[in-house]
1. Give me a count of the residues in the range 11-58 that are surrounded by 10 or more Cβ atoms within 10 Å (Cβ to Cβ), hydroxyl-bearing (Ser, Thr, Tyr) and farther than 25 Å from residue 79 by Cβ.
2. Cβ-Cβ distance below 6 Å, separation of 6 or more or different chains: which pairs start in the range 56-69 with a residue that is closer than 18 Å to residue 46 by Cβ and end on one that is assigned to a loop (DSSP other than H, G, I, E, B) and not β-branched (Val, Ile, Thr)?
3. Evaluate the range 59-71: report whether one residue or more is surrounded by 10 or more Cβ atoms within 10 Å (Cβ to Cβ), of a type in the set (Ser, Thr, Tyr) and at pLDDT 90 or above.
4. Of all residues in the range 72-91 being acidic (Asp, Glu) and surrounded by 11 or more Cβ atoms within 10 Å (Cβ to Cβ), which is farthest from residue 46 (Cα to Cα)?
5. Scan 105, 98 and give me the residue that is farther than 20 Å from residue 40 by Cα and either touching a Pro at 6+ places or on another chain (Cβ under 6 Å) or surrounded by 10 or more Cβ atoms within 10 Å (Cβ to Cβ) (or both).
6. Of the residues in the range 1-23, how many are among the hydroxyl-bearing types (Ser, Thr, Tyr) and modelled with pLDDT of 70 or more?
Amino acid sequence: MGYKTTNHKGGRPKSNATILAQKMRLELVKRVKKEFKPLVDAQIDAAKGFYEKRVVKLPGGHTIDKYYLVKPDVSAAKNLIDQAIGKPKDSIELSGEVKTITELVASLDKQ
């Protein structure tokens, strides 16, 4: 007796919500692919901010030659850098007492 061959793949059937989410994700990927360069340009522009070069006199005799109309967005810059070169590893500082397995088992026996 051989194996039964069907077109069915094993596992639980996908819910309507899952199918809809997959279709929406596919549509999003298509649109991002189509608009990729303008999206990246906009992200870079947001990271750099929008300014015009002009001399602005400040109180105290100081002047600036770059006047920001929109401040640079640090989170946009961080996202671009993380995507381009990878997110840096987050460090976690741990403190406390280190016990061996034997010490842990012994402390459990005492309880």
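The values are calculated or read from the model by the stated rules, or taken from the named source; none is laboratory data. Values in this document were obtained by computation on a predicted structure and should not be read as measured data. Heads up, the Cβs are rebuilt from the backbone with ideal geometry, glycines too, and the neighbour counts pull from every protein chain shown.
1. Summing the residues that are surrounded by 10 or more Cβ atoms within 10 Å (Cβ to Cβ), hydroxyl-bearing (Ser, Thr, Tyr) and farther than 25 Å from residue 79 by Cβ in the range 11-58 gives 1.
2. Going by the 6 Å Cβ cut-off, the qualifying pairs are 68/49.
3. no
4. Narrowing the range 72-91 to residues acidic (Asp, Glu): 73, 82, 90.
Retained after the next criterion (residues that are surrounded by 11 or more Cβ atoms within 10 Å (Cβ to Cβ)): 73, 82.
Working: 73: 6, 82: 15 Å.
Step by step, filter the range 72-91, then rank; the result is 82.
5. Values: 98 fails: either touching a Pro at 6+ places or on another chain (Cβ under 6 Å) or surrounded by 10 or more Cβ atoms within 10 Å (Cβ to Cβ) (or both).
On inspection, the qualifying residue turns out to be 105.
6. Here is the first cut: in the range 1-23, the ones among the hydroxyl-bearing types (Ser, Thr, Tyr) are 3, 5-6, 15, 18.
Then drop every residue that is not modelled with pLDDT of 70 or more, which leaves 15, 18.
Result for the range 1-23: 2.
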